[in-house]
1. How much FRET efficiency would the formula 1/(1 + (r/R0)^6) give for Q104 and L135, where r is the Cβ-Cβ distance and R0 is 35 Å, rounded to 0.05?
2. Length gain on complete extension for the stretch K30 to I9, per 0.36 nm per residue less the alpha carbon to alpha carbon distance?
Amino acid sequence: MQSKDKFLIQSTRVAASTDMDEIPPDTFNKEADKVIEEMKLKVVYTLPSGSSDDSGVTSSANRSFKQGGDDLSMLKNASIEEIQTIQRLKDERDNNLQQNQQMQRELDMLRRRRSRKGDAGFSLTFAAFAGIIGLLVGLLMSLIFSSPPATA
């Protein structure tokens, strides 16, 4: 059974520090400076093997890039196992990118904590200077109060 139903999947690059909730609505607007990749998934209704009802639905990936249809001819000739392998690799890539972004956020957080720790408290030089002043004042006080009384 032929169908004109399709799914359009779009992807584009955003800054690594962008949070998923902060993506602006105009991200996928087609402008001159944006590169947007598109993948069209065409719906194909097939009969399940060994059955005569119409309950089986599969989809074949028809990728249309602005550069041309080289990937399209590859996907038409690819087996289901190859398509699944490609999808698995893409999922692994996406997971690695997410882990990378998470690690980058954690690194930024640790850097901010470290910079805050450097600002807090007294420096070692200030503590040494205050100690020396305290010793000098103490020595001066002990000399003043320990002088022998004058004899008459």
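1. Taking R0 as 35 Å, the efficiency between Q104 and L135 is 0.10.
2. Additional length available on full extension: 6.2 nm.
Laboratory data are not the source of any read-out in this text; all were calculated from the coordinates shown. The shown structure was predicted, so the numbers you read here are calculated from the model rather than taken from an experiment. Please note: Cβ atoms are built from the backbone with ideal geometry, for glycine as well, and neighbour counts cover all protein chains shown.
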